[in-house]
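Scroll down for the structure; my scribbles are underneath it.
The values are calculated or read from the model by the stated rules, or taken from the named source; none is laboratory data. The model shown is predicted, which means the values in this text are computed figures rather than measured ones. Here the Cβ positions follow ideal geometry from the backbone for every residue, glycine too, while neighbour counts run over all protein chains shown.
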Amino acid sequence: MAGLRQTSPRPLGVAALLAQVKRLQTQRHARDSQGIFFIEGIRNFIRAIDHDWPIAQIVYSEKLLTVPPARQRLRQARRSGVPTQSLTPEQFRQISTTERASGIGAIIQQPWSELKNIQPHSGLCWIVLEQVRSPGNFGSLIRTAEAVGAAGFILLGSSIDPFNPPVVRASMGSLFRQQFVRTQAHQLRRWITRHQLQVVGASPEGDCDLHRSHYPDSTLLFLGEERKGLTTSQRQLCDRLVRIPMVGEADSLNLAVAGSLMLYEVLRARSQVS
């Protein structure tokens, strides 16, 4: 099990702590300005602990938290010096957004990676995004990315928030196995050139079906916004465009479906080569 990392927040009273959690759940400005976000639930808590994400504060209810693996990790966190706050069941339910409160949650530091420090050939590939219409679709795409062994996401600009609660919830804990980078298009272009990477974009106007394209180890996948697809400037970053074949009347797929098809095609193609 990985060692725990922690931050050193200023201690808050219970009322102030609950108010802070609610702000993190509902206000992106609160998440961004403090560089933290809130997670709730057994799966998220265990994965955050096991994958060594930096924890600022744990909140729990002794009566509600009945799952032994989660209780064991809570004890581990206490021994490591992570701040914890015990809540009554009623207090915990004030911040719970699930149908049945699990009794465990945590405030976590947003662990952004810098573009210059990531390994371009790590994992199956990197995924590039600039706009996402549905947070839930993004969370589902993160889940697929973790399933196929993708390295993570390179996010252009400030539009996308991977720590938005609907994203975290839809990722089903896969968030904690991915890296996240925020950068600008011109910086990404220089990085691509320096490492001689291939950028494959998904578009209905692609030159070939995704099954007939090749995906070397140096591949980045660029996915456009659900309705508008890749913009002209985004296409200019791509070395080639591939299309997902559709024989029915549908003319588009949502981000989670399209991205998942692309990722599994990269995995299939790599498996055949190896």
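Descriptive notes on the structure:
- For region 261-274, the count of residues that are in contact with a helix residue (DSSP H, G or I) (Cβ under 7 Å, 6 or more places away or on another chain) and not in a helix (DSSP H, G or I) is zero.
- Total residues in region 98-131, condition farther than 20 Å from Ala56 by Cα and among the hydroxyl-bearing types (Ser, Thr, Tyr): 2
- When Pro120 is tested against (1) in contact with a helix residue (DSSP H, G or I) (Cβ under 9 Å, 6 or more places away or on another chain); (2) assigned to a helix (DSSP H, G or I); (3) farther than 27 Å from Ser33 by Cβ, just one condition goes unmet, and that condition is (2).
- Pairing residues of region 111-128 that are of a type in the set (Lys, Arg) with residues that are not in a loop (DSSP other than H, G, I, E, B), at Cβ distances under 8 Å and at least 6 apart in sequence or on separate chains, gives Lys116/Trp191.
- Some residue of region 128-143 being exposed (fewer than 15 other Cβ atoms within 10 Å of the Cβ), farther than 29 Å from Arg28 by Cβ, at pLDDT below 95 and not polar (S, T, N, Q): no
- Qualifying residue in region 100-110 (condition: out of contact with any helix residue (DSSP H, G or I) (no Cβ under 6 Å at 6 or more places or on another chain), outside the structural domain of Gln234 (by TED's automatic domain parsing) and hydroxyl-bearing (Ser, Thr, Tyr)): no
- Matching option when the condition is modelled with pLDDT under 95, over 18 Å from the mean Cα position of the chain (by Cα) and surrounded by fewer than 20 Cβ atoms within 10 Å (Cβ to Cβ), among Thr66, Thr98, Thr88, Thr84: Thr98
- Residue list for region 151-175, filter: more than 20 Å from Glu225 (Cα to Cα) and either in contact with a Phe, Trp or Tyr (Cβ under 7 Å, 6 or more places away or on another chain) or in a loop (DSSP other than H, G, I, E, B) (or both): Ala151, Met172, Gly173
- Taking strands (runs of 3 or more DSSP E) as the structural unit, those lying wholly within region 16-91 and holding at least 2 residues that are touching a residue at least 12 places away in the same chain (Cβ under 8 Å) and either basic (Lys, Arg) or touching a Pro at 6+ places or on another chain (Cβ under 9 Å) (or both) correspond to 36-40, 55-60.
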